Ligand code: C2E
Ligand code: MG
Ligand code: MG
Ligand code: MG
């Protein structure tokens, strides 16, 4: 056809699949068997109590080492897993792996810490989370006080009643509930008084320019005051510099998490940090051994 139009005529073909759609199909295909092929793993990032300087918890962060795609960021593949419905089974795997890991650390004699697990809104909306958490705690033998679930604001404002009853059930099991990425969602503050939340995480977007951007500093201060007023523990995420640490400490923020203390690391490295009592010193922030 193109030929019959003559030698100097160009034909432009609309590709059937755009690069983005093709990329997406490749990812969906690779993600489908990722769990079975053992391509998923967890890294752990310590959370530091500014009172003692010691590690009080570790957040489990999902990693995907794809045979085809290499290392894929959770920011890229979790939304895809959510759309495919895969987040339910992946989420169960994350929960089980993190609980079993934390129990293994305790059985090895490490000082106990909480493990914090991110929960997708879809896991809550599925309605089965309390049952799955109860079963996982039973199977792994982890004491519920050492499990924390991180929820985001998006889930608090959808299906409010159903979500509330599940959060209450989870609290009854004895697990800790925290609100992740605070301030980035549709912050209607009403749900803060309705939901029995234990902890609030100041999003790294507010921490990033906290020492140079007065508006971010104001939001951080207001968030700390709000948490204290509501009886919640407040932690700042994405803390990268001593200046950020000092400012957060000065406004009463109780805990921090970020590259300043440690990046997310494989479980063996987290165990070494906890075992050695790696700690953050506020006057200068050099790392030292807290225990002898
Ligand atoms: P998040 O739960 O808010 O986790 C914090 C993210 O900030 C992590 O990114 C962490 O590596 C990164 N981070 C920590 N400290 C610093 C810092 O000092 N500076 C900077 N620039 N970044 C820092 P990551 O691991 O890429 O995870 C991204 C997001 O993916 C998470 O945000 C969470 O929403 C989601 N995610 C990760 N694992 C899971 C999971 O198992 N289940 C679900 N549903 N979501 C997960
Ligand atoms: Mg989180
Ligand atoms: Mg966060
Ligand atoms: Mg985030």
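The values are calculated or read from the model by the stated rules, or taken from the named source; none is laboratory data. Keep in mind that this is a model prediction, so the values were computed, not measured. Don't worry about glycine lacking a Cβ; one is built from the backbone with ideal geometry, like all the others, and counts go over all protein chains shown.
Selection of region 228-244 for residues being in contact with a strand residue (DSSP E or B) (Cβ under 9 Å, 6 or more places away or on another chain), more than 10 Å from residue 211 (Cβ to Cβ) and within 16 Å of ligand 1 (Cβ to nearest atom) yields 234, 235, 236, 237, 238, 239. Residues in region 2-48 that are at positive phi and either modelled with pLDDT under 95 or surrounded by 10 or more Cβ atoms within 10 Å (Cβ to Cβ) (or both): 6 alone.
The residues in region 195-219 that are within 15 Å of ligand 1 (Cβ to nearest atom) and closer than 30 Å to residue 164 by Cβ can be counted, and the count is 9. Tell me, which residue of region 53-67 that is more than 10 Å from ligand 1 (Cβ to nearest atom) and closer than 24 Å to residue 281 by Cα is nearest to the chain's Cα centre (by Cα)? Filtering first and then ranking leaves 58. The single residue among 154, 178 that is within 16 Å of ligand 4 (Cβ to nearest atom) and either at pLDDT below 95 or not in a strand (DSSP E or B) (or both) turns out to be 154. Take the conditions in contact (Cβ under 8 Å) with a residue 24 or more places away in the chain and within 16 Å of ligand 4 (Cβ to nearest atom) and apply them to residue 186. Does it pass? In short, yes.
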